[in-house]
Amino acid sequence: MTSDPTQSDTVWPEMLDEETERLHDLIGPVRFVLFDFDGPMCDLFAGLLAEDVAREMVRRLEGWGLRDLLTTDERREPDPYVLLRAVDRRSPRGELVEELEAWLTQQELKAVANAWPTAHVDPLIRTWTAVGVRLAVTTNNAPAAVSTYLASRGLLECFAPHIYGRTQDLGLLKPHPHCVHRALRAMGADPGAALMIGDRPSDFLAARRAGVGFLGFARNPRKAGLLRGAGGTHLVSSLEPVLRCVRDGRC
């Protein structure tokens, strides 16, 4: 591979021009930043496709004679987290959900080795830390996978101990604001001084329910459309203008 995976974002100028002008007002008052993990920080399943993980989850259910636990549309679902929540709704807090969740955690840990950092996020994290902004991770991924990834990038000290991920209660996954509330309480943060960076409608909804500002990271028009459809108004297609804003001291 000849390309640098950390430079994989595509910046579409119309969004960049529109949103850069508004970054100062959005980011300027921020003293606490809550990062979603898979997307804004890295492409977790760059080497092990999320679609493959979802298909294997369906195969496991079928092998256990539980094919009908999922609808036809759900069996085609490429997102393993959607499947996990679907199973939890029909068999909440049972041994089946526990086994699937533990298996998914192992897939996430396996994926960390080949995860691709999102362009510009490492220096953004270090710069925000250097200027005294406190950081947390609020994610539907397993905390162990997040910690392992951050340690591999030399970034764990920028976040620890504030890593709030999936718990055994899958009803508390985003869009439930549980992980956001945990981060705010632990850091003693005023929601009005906090910003969440996420790439999914569930991130936006969790932030809104917690009273936290939101910056959508949409690396392609499809993701932008989903975020706008959920109500997101501040979007960037790259973290480069955010980094530039923070480095220039204007945010």
If THR167 passes every condition in (1) part of a helix (DSSP H, G or I); (2) modelled with pLDDT under 95 but one, which one does it miss?
(1)
Going by the conditions given, is GLY198 out of contact with any strand residue (DSSP E or B) (no Cβ under 7 Å at 6 or more places or on another chain), within 24 Å of ASP25 (Cα to Cα), of a type outside the set (A, V, I, L, M, F, W, C) and modelled with pLDDT of 95 or more?
no
Residues located in region 96-125, provided they are assigned to a loop (DSSP other than H, G, I, E, B), on the phi < 0 side of the Ramachandran plot and out of contact with any Phe, Trp or Tyr (no Cβ under 9 Å at 6 or more places or on another chain)
ALA113, ALA119
Residue that is surrounded by the fewest Cβ atoms within 10 Å (Cβ to Cβ) [pool: residues in region 22-40 that are touching a Leu at 6+ places or on another chain (Cβ under 8 Å) and part of a loop (DSSP other than H, G, I, E, B)]:
VAL30
Somewhere in region 65-79, is a residue closer than 28 Å to VAL212 by Cβ, among the acidic types (Asp, Glu) and in contact (Cβ under 8 Å) with a residue 60 or more places away in the chain?
no
Just checking, does region 73-90 include any residue being in a loop (DSSP other than H, G, I, E, B), farther than 19 Å from MET196 by Cα, in contact with a Leu (Cβ under 7 Å, 6 or more places away or on another chain) and open to solvent by 30 Å² or more (accessible area, probe 1.4 Å)?
yes
Subset of region 145-157 [out of contact with any Asp or Glu (no Cβ under 8 Å at 6 or more places or on another chain) and either surrounded by fewer than 20 Cβ atoms within 10 Å (Cβ to Cβ) or within 24 Å of ARG89 (Cα to Cα) (or both)]:
SER147, THR148, ALA151, SER152, GLY154, LEU156, GLU157
Is it the case that region 206-225 has a residue that's modelled with pLDDT under 95, in contact with a strand residue (DSSP E or B) (Cβ under 9 Å, 6 or more places away or on another chain) and surrounded by fewer than 22 Cβ atoms within 10 Å (Cβ to Cβ)?
yes
Sole residue being more than 18 Å from the chain's Cα centre (by Cα), open to solvent by less than 60 Å² (accessible area, probe 1.4 Å) and not acidic (Asp, Glu), chosen from ALA111, ALA119, ALA115, ALA102
ALA102
Only unsatisfied item for ALA46, checking (1) surrounded by 20 or more Cβ atoms within 10 Å (Cβ to Cβ); (2) in a loop (DSSP other than H, G, I, E, B), is (1)
Residues of region 126-144 that turn out to be open to solvent by 40 Å² or more (accessible area, probe 1.4 Å), over 13 Å from ALA183 (Cβ atoms) and part of a helix (DSSP H, G or I), as a count
4
Does ARG93 count as open to solvent by 40 Å² or more (accessible area, probe 1.4 Å), at pLDDT below 95 and not in a loop (DSSP other than H, G, I, E, B)?
no
Given the residues ARG166, ARG182, ARG153, ARG222, which is the only one that is free of Cβ contacts under 8 Å to residues at least 12 places away in the same chain, within 29 Å of ALA113 (Cα to Cα) and among the charged types (D, E, K, R)?
ARG222
Just name the residue that is most open to solvent (accessible area, probe 1.4 Å) out of those in region 187-205 that are in a loop (DSSP other than H, G, I, E, B) and under 13 Å from LEU235 (Cα atoms).
ARG200
Condition first: part of a loop (DSSP other than H, G, I, E, B) and either touching a strand residue (DSSP E or B) at 6+ places or on another chain (Cβ under 7 Å) or charged (D, E, K, R) (or both). Now tell me which residues in region 226-238 satisfy that.
GLY232, HIS234
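The values are calculated or read from the model by the stated rules, or taken from the named source; none is laboratory data. Since we're looking at a predicted model, the values are computed, not measured. Here the Cβ is made from the backbone with ideal geometry for all residues, glycine too, and neighbour counts use every protein chain on show. When the accessible area is computed, the model is the full protein with side chains, heavy atoms only, and any ligands, DNA or RNA have been set aside. Shrake-Rupley method; radii C 1.70, N 1.55, O 1.52, S 1.80 Å.
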